[in-house]
Amino acid sequence: MAFKLDKSKINDYIKICLIAILLAVEIVVCAQAYTLIGDDPLEFISLIVCCAALAVLEGVNLFAIKNFAAKMVFYGFDSALLLTICVLTGNSFLAALYCIVLTGCYMSVERFKDRTALFGTSCVLFVASFIVGWVIQHRGENIYFSVVEILSGVLFGLLAIVLNYIIVQFLIKFTKTNRELREAIKLADEKNAEAEAAREQLMRTKVYEERNRIARDIHDNAGHSLTTVIMQTEAAKLIIEENPAEAKNRIIFANIQAKNALEQLRESVHLLAGRQQVRPLREELGEIIAQTIDGTDIRARYDISDVKTNGEQYRYICNAVKELLANGVRHGNATAFYIELKQTDGKINLLVSDNGSGVDGEVGEGFGLKGIRERAEALGGGCRYSSEADEGFETEIYLPHAEEEEEND
(Lines give C-alpha, C1' and ligand atoms only; values in the text may rest on other atoms or scores of the structure.)
Protein backbone atom coordinates (compact mmCIF):
# COMPACT_ATOMS: atom_id res chain seq x y z
CA MET A 1 0.00 0.00 0.00
CA ALA A 2 1.49 3.38 -1.03
CA PHE A 3 2.31 5.89 1.72
CA LYS A 4 0.03 8.89 1.67
CA LEU A 5 1.06 12.11 3.43
CA ASP A 6 -1.66 13.78 5.47
CA LYS A 7 -1.18 17.50 4.72
CA SER A 8 -3.21 18.49 7.77
CA LYS A 9 -0.57 16.85 10.04
CA ILE A 10 2.57 18.01 8.25
CA ASN A 11 3.52 20.32 11.17
CA ASP A 12 3.35 17.35 13.53
CA TYR A 13 5.65 15.37 11.23
CA ILE A 14 8.17 18.23 11.20
CA LYS A 15 8.08 18.46 15.02
CA ILE A 16 8.72 14.72 15.31
CA CYS A 17 11.67 15.08 12.94
CA LEU A 18 13.06 17.94 15.07
CA ILE A 19 12.86 15.81 18.21
CA ALA A 20 14.60 12.96 16.37
CA ILE A 21 17.39 15.28 15.14
CA LEU A 22 17.77 16.75 18.64
CA LEU A 23 18.17 13.26 20.11
CA ALA A 24 20.71 12.34 17.43
CA VAL A 25 22.80 15.47 18.13
CA GLU A 26 22.58 14.83 21.89
CA ILE A 27 23.84 11.29 21.38
CA VAL A 28 26.79 12.65 19.42
CA VAL A 29 27.46 15.25 22.14
CA CYS A 30 27.32 12.60 24.86
CA ALA A 31 29.56 10.24 22.89
CA GLN A 32 32.13 12.99 22.37
CA ALA A 33 31.91 14.08 26.01
CA TYR A 34 32.46 10.51 27.21
CA THR A 35 35.95 10.55 25.74
CA LEU A 36 36.71 14.02 27.15
CA ILE A 37 35.25 13.80 30.64
CA GLY A 38 37.22 10.63 31.41
CA ASP A 39 37.31 9.60 35.07
CA ASP A 40 34.52 11.91 36.32
CA PRO A 41 31.28 9.94 35.83
CA LEU A 42 29.24 12.56 37.71
CA GLU A 43 29.76 15.10 34.93
CA PHE A 44 28.82 12.54 32.29
CA ILE A 45 25.68 11.54 34.19
CA SER A 46 24.79 15.23 34.60
CA LEU A 47 25.23 15.68 30.85
CA ILE A 48 22.93 12.76 30.07
CA VAL A 49 20.31 14.10 32.49
CA CYS A 50 20.50 17.57 30.91
CA CYS A 51 20.19 16.13 27.39
CA ALA A 52 17.22 13.97 28.38
CA ALA A 53 15.54 16.91 30.15
CA LEU A 54 16.13 19.13 27.11
CA ALA A 55 14.53 16.55 24.81
CA VAL A 56 11.52 16.15 27.12
CA LEU A 57 11.01 19.89 27.58
CA GLU A 58 11.30 20.48 23.84
CA GLY A 59 8.73 17.73 23.15
CA VAL A 60 6.29 19.19 25.68
CA ASN A 61 6.82 22.69 24.33
CA LEU A 62 6.21 21.57 20.75
CA PHE A 63 3.17 19.36 21.25
CA ALA A 64 1.46 20.43 24.49
CA ILE A 65 2.06 24.13 25.15
CA LYS A 66 -0.03 26.62 23.13
CA ASN A 67 0.23 29.87 25.11
CA PHE A 68 3.11 32.14 24.06
CA ALA A 69 4.02 33.17 27.61
CA ALA A 70 4.16 29.52 28.71
CA LYS A 71 6.35 28.70 25.72
CA MET A 72 8.79 31.43 26.75
CA VAL A 73 8.98 29.92 30.27
CA PHE A 74 9.84 26.55 28.76
CA TYR A 75 12.36 28.23 26.47
CA GLY A 76 14.00 29.73 29.57
CA PHE A 77 14.45 26.22 30.97
CA ASP A 78 15.80 25.08 27.59
CA SER A 79 18.33 27.93 27.63
CA ALA A 80 19.47 26.99 31.13
CA LEU A 81 19.94 23.37 30.05
CA LEU A 82 21.83 24.49 26.95
CA LEU A 83 24.11 26.59 29.14
CA THR A 84 24.74 23.59 31.39
CA ILE A 85 25.48 21.33 28.41
CA CYS A 86 27.82 24.04 27.08
CA VAL A 87 29.68 24.21 30.42
CA LEU A 88 30.00 20.40 30.58
CA THR A 89 31.10 19.87 26.97
CA GLY A 90 32.97 23.06 26.08
CA ASN A 91 30.60 24.43 23.44
CA SER A 92 30.38 21.18 21.44
CA PHE A 93 27.49 21.48 18.95
CA LEU A 94 26.02 24.41 20.93
CA ALA A 95 24.99 26.29 17.76
CA ALA A 96 23.35 23.14 16.35
CA LEU A 97 21.39 22.58 19.55
CA TYR A 98 20.25 26.20 19.58
CA CYS A 99 19.13 25.95 15.94
CA ILE A 100 17.10 22.80 16.63
CA VAL A 101 15.42 24.25 19.73
CA LEU A 102 14.76 27.58 18.00
CA THR A 103 13.24 25.87 14.94
CA GLY A 104 10.67 24.20 17.15
CA CYS A 105 9.94 27.49 18.94
CA TYR A 106 9.60 29.41 15.67
CA MET A 107 7.06 26.86 14.42
CA SER A 108 5.02 27.17 17.61
CA VAL A 109 4.86 30.98 17.59
CA GLU A 110 2.21 32.54 15.36
CA ARG A 111 3.26 36.20 15.14
CA PHE A 112 6.34 37.31 13.19
CA LYS A 113 7.36 39.96 15.74
CA ASP A 114 7.31 37.34 18.52
CA ARG A 115 9.56 35.08 16.46
CA THR A 116 11.90 38.00 15.80
CA ALA A 117 12.04 38.86 19.51
CA LEU A 118 12.80 35.21 20.26
CA PHE A 119 15.58 35.26 17.66
CA GLY A 120 17.19 38.36 19.19
CA THR A 121 17.01 36.94 22.72
CA SER A 122 18.47 33.66 21.53
CA CYS A 123 21.44 35.40 19.93
CA VAL A 124 22.24 37.11 23.27
CA LEU A 125 21.81 33.85 25.20
CA PHE A 126 23.97 31.95 22.72
CA VAL A 127 26.81 34.48 23.01
CA ALA A 128 26.60 34.42 26.81
CA SER A 129 26.47 30.61 26.94
CA PHE A 130 29.36 30.28 24.53
CA ILE A 131 31.58 32.69 26.48
CA VAL A 132 30.72 31.15 29.86
CA GLY A 133 31.28 27.64 28.58
CA TRP A 134 34.60 28.56 26.98
CA VAL A 135 35.89 30.34 30.08
CA ILE A 136 34.98 27.39 32.33
CA GLN A 137 36.41 24.75 30.01
CA HIS A 138 39.59 26.65 29.04
CA ARG A 139 40.65 28.41 32.23
CA GLY A 140 44.28 29.48 32.26
CA GLU A 141 44.83 29.40 28.50
CA ASN A 142 46.47 32.20 26.53
CA ILE A 143 44.23 35.29 26.49
CA TYR A 144 44.93 36.11 22.85
CA PHE A 145 44.18 32.55 21.81
CA SER A 146 41.04 32.51 23.95
CA VAL A 147 39.74 35.79 22.48
CA VAL A 148 40.33 34.57 18.92
CA GLU A 149 38.61 31.24 19.61
CA ILE A 150 35.70 32.91 21.35
CA LEU A 151 35.19 35.43 18.54
CA SER A 152 35.41 32.80 15.80
CA GLY A 153 33.07 30.46 17.67
CA VAL A 154 30.58 33.21 18.41
CA LEU A 155 30.59 34.46 14.82
CA PHE A 156 30.19 30.95 13.42
CA GLY A 157 27.38 30.16 15.84
CA LEU A 158 25.59 33.46 15.19
CA LEU A 159 25.89 32.89 11.45
CA ALA A 160 24.29 29.46 11.88
CA ILE A 161 21.47 30.91 14.03
CA VAL A 162 20.84 33.75 11.57
CA LEU A 163 20.73 31.37 8.58
CA ASN A 164 18.41 29.10 10.56
CA TYR A 165 16.13 32.05 11.33
CA ILE A 166 15.99 33.17 7.69
CA ILE A 167 15.36 29.67 6.33
CA VAL A 168 12.70 28.83 8.92
CA GLN A 169 10.91 32.17 8.40
CA PHE A 170 10.85 31.53 4.67
CA LEU A 171 9.48 28.02 5.18
CA ILE A 172 6.86 29.28 7.65
CA LYS A 173 5.79 32.00 5.21
CA PHE A 174 5.72 29.53 2.34
CA THR A 175 3.70 27.03 4.37
CA LYS A 176 1.27 29.71 5.58
CA THR A 177 0.79 31.07 2.05
CA ASN A 178 0.32 27.56 0.68
CA ARG A 179 -2.23 26.78 3.40
CA GLU A 180 -4.11 30.02 2.76
CA LEU A 181 -4.08 29.29 -0.96
CA ARG A 182 -5.49 25.79 -0.38
CA GLU A 183 -8.14 27.23 1.92
CA ALA A 184 -8.99 29.91 -0.64
CA ILE A 185 -9.27 27.28 -3.38
CA LYS A 186 -11.40 25.10 -1.12
CA LEU A 187 -13.61 28.06 -0.25
CA ALA A 188 -13.90 29.01 -3.92
CA ASP A 189 -14.86 25.42 -4.78
CA GLU A 190 -17.48 25.46 -2.02
CA LYS A 191 -18.83 28.81 -3.22
CA ASN A 192 -18.92 27.53 -6.81
CA ALA A 193 -20.74 24.42 -5.67
CA GLU A 194 -23.21 26.54 -3.68
CA ALA A 195 -23.68 28.87 -6.66
CA GLU A 196 -24.23 25.92 -8.99
CA ALA A 197 -26.72 24.38 -6.56
CA ALA A 198 -28.48 27.74 -6.23
CA ARG A 199 -28.54 28.13 -10.01
CA GLU A 200 -30.02 24.66 -10.44
CA GLN A 201 -32.56 25.38 -7.72
CA LEU A 202 -33.42 28.67 -9.40
CA MET A 203 -33.84 26.92 -12.74
CA ARG A 204 -36.10 24.32 -11.15
CA THR A 205 -38.05 27.09 -9.43
CA LYS A 206 -38.44 28.95 -12.72
CA VAL A 207 -39.62 25.76 -14.43
CA TYR A 208 -42.14 25.12 -11.64
CA GLU A 209 -43.30 28.74 -11.73
CA GLU A 210 -43.71 28.63 -15.51
CA ARG A 211 -45.65 25.37 -15.31
CA ASN A 212 -47.85 26.78 -12.56
CA ARG A 213 -48.43 29.91 -14.64
CA ILE A 214 -49.40 27.81 -17.66
CA ALA A 215 -51.68 25.71 -15.46
CA ARG A 216 -53.31 28.91 -14.17
CA ASP A 217 -53.71 30.19 -17.73
CA ILE A 218 -55.40 26.96 -18.75
CA HIS A 219 -57.65 27.03 -15.70
CA ASP A 220 -58.46 30.74 -15.75
CA ASN A 221 -58.66 31.41 -19.47
CA ALA A 222 -59.40 28.21 -21.37
CA GLY A 223 -61.50 26.83 -18.50
CA HIS A 224 -63.47 30.07 -18.26
CA SER A 225 -63.98 30.15 -22.03
CA LEU A 226 -65.20 26.55 -22.20
CA THR A 227 -67.57 27.11 -19.29
CA THR A 228 -68.96 30.14 -21.08
CA VAL A 229 -69.38 28.11 -24.29
CA ILE A 230 -71.45 25.53 -22.43
CA MET A 231 -73.57 28.16 -20.71
CA GLN A 232 -74.22 30.12 -23.92
CA THR A 233 -75.11 27.06 -26.01
CA GLU A 234 -77.44 25.80 -23.26
CA ALA A 235 -79.09 29.21 -23.11
CA ALA A 236 -79.39 29.33 -26.91
CA LYS A 237 -81.19 25.98 -26.91
CA LEU A 238 -83.76 27.30 -24.45
CA ILE A 239 -84.60 30.50 -26.39
CA ILE A 240 -84.01 29.45 -30.00
CA GLU A 241 -87.75 29.19 -30.76
CA GLU A 242 -88.90 32.23 -28.79
CA ASN A 243 -86.01 34.58 -29.63
CA PRO A 244 -83.98 33.32 -32.59
CA ALA A 245 -81.93 36.55 -32.86
CA GLU A 246 -80.75 36.35 -29.26
CA ALA A 247 -80.03 32.64 -29.66
CA LYS A 248 -77.94 33.44 -32.72
CA ASN A 249 -75.95 36.04 -30.78
CA ARG A 250 -75.32 33.56 -28.01
CA ILE A 251 -74.14 30.91 -30.46
CA ILE A 252 -71.84 33.47 -32.14
CA PHE A 253 -70.38 34.38 -28.78
CA ALA A 254 -69.96 30.69 -27.86
CA ASN A 255 -68.16 30.15 -31.17
CA ILE A 256 -65.73 32.99 -30.39
CA GLN A 257 -65.09 31.64 -26.92
CA ALA A 258 -64.50 28.13 -28.23
CA LYS A 259 -61.93 29.46 -30.73
CA ASN A 260 -60.21 31.40 -27.97
CA ALA A 261 -60.14 28.36 -25.71
CA LEU A 262 -58.67 26.25 -28.52
CA GLU A 263 -55.98 28.86 -29.19
CA GLN A 264 -55.13 29.15 -25.51
CA LEU A 265 -54.85 25.40 -25.12
CA ARG A 266 -52.65 25.16 -28.21
CA GLU A 267 -50.34 27.88 -26.89
CA SER A 268 -50.12 26.21 -23.46
CA VAL A 269 -49.25 22.86 -25.04
CA HIS A 270 -46.51 24.54 -27.07
CA LEU A 271 -45.07 26.14 -23.94
CA LEU A 272 -45.17 22.89 -22.00
CA ALA A 273 -43.35 21.21 -24.88
CA GLY A 274 -40.64 23.89 -24.70
CA ARG A 275 -41.53 25.55 -27.99
CA GLN A 276 -41.62 29.33 -27.75
CA GLN A 277 -43.90 31.53 -29.79
CA VAL A 278 -42.06 32.57 -32.96
CA ARG A 279 -44.86 34.32 -34.91
CA PRO A 280 -44.61 38.14 -34.77
CA LEU A 281 -47.15 39.76 -32.47
CA ARG A 282 -48.71 41.66 -35.36
CA GLU A 283 -49.49 38.41 -37.19
CA GLU A 284 -50.69 36.71 -34.01
CA LEU A 285 -53.17 39.50 -33.23
CA GLY A 286 -54.37 39.54 -36.85
CA GLU A 287 -55.05 35.80 -36.57
CA ILE A 288 -56.92 36.27 -33.28
CA ILE A 289 -59.13 38.98 -34.81
CA ALA A 290 -59.76 36.91 -37.92
CA GLN A 291 -60.78 33.86 -35.89
CA THR A 292 -63.14 36.01 -33.81
CA ILE A 293 -65.07 37.55 -36.70
CA ASP A 294 -64.85 34.62 -39.10
CA GLY A 295 -68.35 33.38 -39.98
CA THR A 296 -70.06 36.22 -38.11
CA ASP A 297 -71.51 39.63 -38.92
CA ILE A 298 -68.92 41.29 -36.68
CA ARG A 299 -66.57 43.79 -38.26
CA ALA A 300 -63.14 44.83 -37.03
CA ARG A 301 -60.64 47.47 -37.98
CA TYR A 302 -57.17 47.46 -36.55
CA ASP A 303 -53.89 49.36 -36.67
CA ILE A 304 -51.17 47.17 -35.23
CA SER A 305 -47.52 48.23 -35.30
CA ASP A 306 -44.48 45.99 -35.02
CA VAL A 307 -43.82 46.59 -31.33
CA LYS A 308 -41.14 44.78 -29.38
CA THR A 309 -42.23 42.72 -26.41
CA ASN A 310 -40.89 40.05 -24.11
CA GLY A 311 -42.57 36.67 -23.69
CA GLU A 312 -44.88 37.66 -20.83
CA GLN A 313 -46.01 40.85 -22.55
CA TYR A 314 -46.63 38.92 -25.77
CA ARG A 315 -48.91 36.42 -24.06
CA TYR A 316 -50.66 39.08 -22.02
CA ILE A 317 -51.53 41.26 -25.04
CA CYS A 318 -52.90 38.26 -26.95
CA ASN A 319 -55.02 37.10 -24.00
CA ALA A 320 -56.25 40.64 -23.31
CA VAL A 321 -57.41 41.13 -26.91
CA LYS A 322 -59.21 37.77 -26.84
CA GLU A 323 -60.94 38.61 -23.56
CA LEU A 324 -61.96 42.12 -24.66
CA LEU A 325 -63.36 40.91 -27.98
CA ALA A 326 -65.35 38.19 -26.23
CA ASN A 327 -66.62 40.63 -23.57
CA GLY A 328 -67.71 43.12 -26.24
CA VAL A 329 -69.80 40.51 -28.02
CA ARG A 330 -71.20 38.87 -24.92
CA HIS A 331 -71.97 41.81 -22.63
CA GLY A 332 -72.28 44.71 -25.06
CA ASN A 333 -73.72 42.95 -28.15
CA ALA A 334 -71.00 44.74 -30.13
CA THR A 335 -70.89 44.34 -33.91
CA ALA A 336 -67.76 46.41 -34.61
CA PHE A 337 -64.34 46.74 -32.97
CA TYR A 338 -61.28 48.91 -33.34
CA ILE A 339 -57.91 47.58 -32.14
CA GLU A 340 -54.74 49.70 -32.03
CA LEU A 341 -51.26 48.75 -30.85
CA LYS A 342 -48.51 51.37 -30.78
CA GLN A 343 -45.15 51.95 -29.16
CA THR A 344 -44.60 55.56 -28.07
CA ASP A 345 -42.55 57.35 -25.42
CA GLY A 346 -40.99 54.13 -24.20
CA LYS A 347 -44.38 52.47 -23.64
CA ILE A 348 -46.49 49.87 -25.39
CA ASN A 349 -50.06 51.13 -25.78
CA LEU A 350 -53.01 48.89 -26.61
CA LEU A 351 -56.47 50.30 -27.36
CA VAL A 352 -59.57 48.13 -27.85
CA SER A 353 -62.95 49.81 -28.36
CA ASP A 354 -66.36 48.55 -29.52
CA ASN A 355 -69.78 49.90 -30.52
CA GLY A 356 -71.70 47.90 -27.93
CA SER A 357 -74.37 49.02 -25.51
CA GLY A 358 -71.81 50.33 -23.04
CA VAL A 359 -72.24 50.82 -19.30
CA ASP A 360 -74.42 53.36 -17.53
CA GLY A 361 -72.37 54.63 -14.59
CA GLU A 362 -69.21 53.20 -13.08
CA VAL A 363 -67.61 50.22 -14.84
CA GLY A 364 -67.78 47.13 -12.69
CA GLU A 365 -64.88 44.70 -13.01
CA GLY A 366 -65.88 41.11 -13.48
CA PHE A 367 -63.55 38.13 -13.61
CA GLY A 368 -62.12 39.01 -17.03
CA LEU A 369 -61.64 42.77 -16.61
CA LYS A 370 -60.16 42.37 -13.14
CA GLY A 371 -57.67 39.81 -14.45
CA ILE A 372 -56.63 42.13 -17.30
CA ARG A 373 -55.97 45.03 -14.92
CA GLU A 374 -54.11 42.98 -12.31
CA ARG A 375 -51.90 41.34 -14.91
CA ALA A 376 -51.06 44.71 -16.48
CA GLU A 377 -50.04 46.08 -13.08
CA ALA A 378 -47.94 42.97 -12.39
CA LEU A 379 -46.05 43.65 -15.62
CA GLY A 380 -45.30 47.22 -14.52
CA GLY A 381 -48.09 48.91 -16.47
CA GLY A 382 -51.76 49.60 -16.04
CA CYS A 383 -55.11 49.90 -17.77
CA ARG A 384 -58.17 52.16 -17.91
CA TYR A 385 -61.76 51.29 -18.74
CA SER A 386 -64.23 53.89 -20.02
CA SER A 387 -67.83 53.56 -21.20
CA GLU A 388 -71.15 55.35 -21.48
CA ALA A 389 -74.62 54.04 -22.11
CA ASP A 390 -75.15 53.26 -25.80
CA GLU A 391 -71.65 54.60 -26.56
CA GLY A 392 -69.69 51.36 -26.51
CA PHE A 393 -66.78 50.26 -24.32
CA GLU A 394 -63.11 51.30 -24.51
CA THR A 395 -60.02 49.80 -22.88
CA GLU A 396 -56.59 51.41 -22.81
CA ILE A 397 -53.61 49.34 -21.67
CA TYR A 398 -50.03 50.49 -21.33
CA LEU A 399 -46.92 48.42 -20.61
CA PRO A 400 -43.26 49.38 -20.15
CA HIS A 401 -40.87 48.98 -23.09
CA ALA A 402 -39.38 45.48 -23.21
CA GLU A 403 -35.68 44.98 -22.40
CA GLU A 404 -33.40 44.28 -25.38
CA GLU A 405 -32.37 40.81 -24.26
CA GLU A 406 -36.00 39.78 -23.82
CA GLU A 407 -37.36 41.13 -27.07
CA ASN A 408 -39.70 39.02 -29.10
CA ASP A 409 -40.61 40.55 -32.45
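The values are calculated or read from the model by the stated rules, or taken from the named source; none is laboratory data. As the structure is a computational prediction, the values presented were derived from the model and not from experiment. Don't worry about glycine lacking a Cβ; one is built from the backbone with ideal geometry, like all the others, and counts go over all protein chains shown. Ligands, DNA and RNA are excluded from the accessible area calculation, which covers all protein heavy atoms including side chains. Shrake-Rupley method; radii C 1.70, N 1.55, O 1.52, S 1.80 Å.
Within the same chain, lysines fewer than 8 places from residue 308 are excluded, and of the rest, those with a Cα less than 19 Å from its Cα are 342, 347. Calculate the spin-label point distance for residue 31 paired with residue 70, positioning each point 7 Å from the Cα along the beta-carbon direction, and give it in nanometres. Rounded to a tenth, the inter-label distance reads 3.6 nm. Of the heavy-atom accessible surface of the chain (probe 1.4 angstrom), what whole percent is carbon and sulfur? Carbon plus sulfur share of accessible area: 60 percent. Here are a few candidate values for semi-axes √(5λ) of the Cα gyration tensor in Å: (1) 31, 26, 23; (2) 103, 20, 16; (3) 62, 26, 18. Which one was actually calculated from the structure I just gave you? The value matching this structure is (2). For the chain, the relative contact order is 9 percent, taking Cα pairs closer than 8 Å that sit 6 or more residues apart in sequence and dividing their mean separation by the residue count. May I ask which residue of 175, 18, 311 lies farthest towards the positive end of the charge dipole of the chain, with charges of +1 (Lys, Arg) and -1 (Asp, Glu) on Cβ and the Cα centre as origin? Projecting each Cα onto the dipole axis, the largest value belongs to 18. Taking amide H atoms as placed 1.01 Å from N in the peptide plane, the amide H of residue 348 lies under 5 Å from those of 399, 401, each 5 or more residues away in sequence or on another chain.
If only the Cβ of Lys and Arg carry +1 and only the Cβ of Asp and Glu carry -1, the dipole of the stretch 103-168 around its Cα centre is close to 160 debye. Semi-axis lengths, largest first, of the ellipsoid equivalent to the stretch 4-137 are 27, 18, 11 Å, with √(5λ) applied to each eigenvalue of the Cα gyration tensor. Suppose every K and R has +1 on its Cβ and every D and E has -1 on its Cβ; what is the size of the dipole of the stretch 1-140 about the Cα centre, in Debye to the nearest 20? So the magnitude is around 640 debye. Of all the options 328, 90, 140, the one that moves most in a Gaussian network model of the chain with Cα springs shorter than 10 angstrom is 140. Figure note: 124, 60 ranked by solvent-accessible area, largest first, 1.4 Å probe, ligands and nucleic acids not counted: 124, 60.
Placing unit charges on the Cβ atoms only, positive for Lys and Arg and negative for Asp and Glu, gives the chain a dipole magnitude near 2000 debye about its Cα centre.
Of the GluC sites (Glu not before Pro) found in the stretch 327-388, the ones in coil according to DSSP and having at most 14 other Cβ atoms within 10 Å of their Cβ are 362, 365, 388. The label-point distance for residue 336 and residue 374, in a model that sets each label 7 Å from Cα toward Cβ, rounds to 3.5 nm.
Ranked by solvent-accessible area (1.4 Å probe, protein heavy atoms only, all chains present), the residues 294, 114 order from largest to smallest as 294, 114. Ranking of 139, 213, 375 by solvent-accessible surface, largest first: 139, 375, 213 (1.4 Å probe, protein heavy atoms only, all chains present). Return the calculated 222 nm mean residue ellipticity for the chain, to the nearest 500 deg cm²/dmol, obtained by summing -39500 (n - 2.57) across DSSP H runs with n ≥ 4 and dividing by the residue count. Value at 222 nm, helices only, nearest 500: -24500 deg cm²/dmol. Subtracting the Cα-Cα distance of residue 192 and residue 177 from 0.36 nm times their residue separation leaves 3.2 nm of extension gain.
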